[in-house]
Amino acid sequence: MSGFRLPRCQRAGVEAVEADTALAFGRHTHEQFGIGLIERGAQKSTSGRGMVEAGAGDIITVNPGEVHDGAPIGDGGRAWRMLYLDPAIVGECAADIGAEGRAASSAGEFIHPAVVDGRLARLFRELFRAMTGGDADAGALQADQALLLLLDALLQPGRAPARQVPGGIASARAWIDDDPAAPLTLDALAKEAGLSRYQFLRGFARETGLTPHAYLMQRRIHRARRLIAGGARLADAAAASGFCDQSHMTRLFVRSFGMAPGSYARALA
């Protein structure tokens with residue numbers, strides 16, 4: 001396989017990706033939790049916990065909203081498989097794990113962006129096959145048990161509560177989240193936060209890992225992705241998400257997800 005493939009998943013709220021590419025991804029975010037496995041080659045990425053390298057057989061993770069990128073190490077590219085899980089699914093599993101008498105993670109986050117563990121790699125392969133129908137004998141029972149065991153290992157206990165985002169920054173971020181297609185200005189966002197433009201710019205980047213404009217573009221591309229997955233025409237998805245034209249949406253889509261919007265739509269058809 002070369003490029004990207006999106007196998008159909010057996011469960012709502014789970015998306016699967018298979019990739020084999022030398023593409024370098026720009027800084028971007030996902031709306032879901034991601035668990036993956038490097039199958040060939042190696043990559044380096046900047047995560048919420050610094051620079052990380054992962055090679056064949058390593059588990060990789062990403063949290064919703066966590067800013068990260070990714071580039072191959074060496075000239076041969078790398079291949080990986082990934083499962084993206086809606087936060088509600090992870091939350092439900094975490095509640096089950098916590099009911100055993102120990103909190104899975106007080107922040108509900110993956111602690112380690114890369115994990116070297118052969119047992120977890122085997123569990124991930126089982127989970128991926130069960131979720132995508134790649135194993136005729138795999139079913140809901142196998143998928144459920146593999147997911148719970150993976151999350152039990154990856155959602156580590158004892159994490160300190162996340163730092164509270166200042167109210168003004170949180171209010172401005174919520175304004176972007178509520179309507180990313182709106183024509184916002186730095187001046188308006190700073191006033192919403194009760195800060196000068198420079199204070200807001202620095203504070204927002206410190207709290208989110210992205211400048212206000214970069215954050216807005218990520219919210220727009222995620223809206224476009226949802227609209228395309230729901231069957232919207234590409235031009236309509238671009239306009240409804242606040243992009244000035246379809247080509248602008250396409251450039252950011254490829255930079256964030258590794259494939260063009262049209263290829264994404266065809267893979268889901």
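Looking at GLY3, GLY13, GLY26 in this structure, which one is surrounded by fewer than 16 Cβ atoms within 10 Å (Cβ to Cβ), within 15 Å of the chain's Cα centre (by Cα), in contact (Cβ under 8 Å) with a residue 60 or more places away in the chain and within 28 Å of ALA130 (Cα to Cα)?
Within the list GLY3, GLY13, GLY26, the selection yields GLY13.
Taking the stretch 103-124, which residues are buried (at least 16 other Cβ atoms within 10 Å of the Cβ), at pLDDT 90 or above and out of contact with any helix residue (DSSP H, G or I) (no Cβ under 9 Å at 6 or more places or on another chain)?
Once the filter is applied, which keeps residues that are buried (at least 16 other Cβ atoms within 10 Å of the Cβ), at pLDDT 90 or above and out of contact with any helix residue (DSSP H, G or I) (no Cβ under 9 Å at 6 or more places or on another chain), the stretch 103-124 yields PRO113, ALA114, ALA121.
Out of the residues in the stretch 85-102 that are open to solvent by less than 30 Å² (accessible area, probe 1.4 Å) and under 30 Å from ARG40 (Cβ atoms), which is modelled with the highest pLDDT?
LEU85
Would you please list the contacts, defined by Cβ atoms under 7 Å and residues six or more apart or on different chains, that run from a residue in the stretch 106-129 that is without any contact (Cβ under 8 Å) to a residue 24 or more places away in the chain to a residue that is surrounded by fewer than 19 Cβ atoms within 10 Å (Cβ to Cβ)?
Note: pairs meeting the criteria are GLU126/GLN142; ARG129/ASP135.
Check off (1) within 20 Å of the chain's Cα centre (by Cα); (2) over 20 Å from HIS28 (Cα atoms); (3) open to solvent by 70 Å² or more (accessible area, probe 1.4 Å) for LEU268 and give me the number that stays unchecked.
(3)
Specify which of the listed residues (GLU66, GLU18) is among the acidic types (Asp, Glu), within 17 Å of THR132 (Cα to Cα) and either assigned to a strand (DSSP E or B) or within 11 Å of the chain's Cα centre (by Cα) (or both).
GLU18
Does LEU184 qualify as being touching a residue at least 24 places away in the same chain (Cβ under 8 Å), surrounded by 14 or more Cβ atoms within 10 Å (Cβ to Cβ) and among the aliphatic types (A, V, I, L, M)?
Values: touching a residue at least 24 places away in the same chain (Cβ under 8 Å): yes; surrounded by 14 or more Cβ atoms within 10 Å (Cβ to Cβ): yes; among the aliphatic types (A, V, I, L, M): yes.
Yes: the conditions hold for LEU184.
Based on what the data block shows, is ILE59 in contact with a helix residue (DSSP H, G or I) (Cβ under 7 Å, 6 or more places away or on another chain), at pLDDT 95 or above and over 26 Å from ALA269 (Cα atoms)?
So ILE59 fits the description; yes.
Residue-wise test of (1) part of a strand (DSSP E or B); (2) open to solvent by 20 Å² or more (accessible area, probe 1.4 Å); (3) under 20 Å from LEU148 (Cβ atoms).
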residue	(1), (2), (3)
ILE35	yes, no, yes
LYS44	yes, yes, no
ASP75	no, yes, no
LEU83	yes, no, yes
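The values are calculated or read from the model by the stated rules, or taken from the named source; none is laboratory data. Note that the structure is a prediction, hence the values are computed from the model and not measured. No Cβ is skipped: glycine too gets one built from the backbone with ideal geometry, and neighbour counts run over all protein chains shown. Quick note on the areas: whole protein, heavy atoms, side chains included, nothing else; ligands and nucleic acids left out. Shrake-Rupley method; radii C 1.70, N 1.55, O 1.52, S 1.80 Å.
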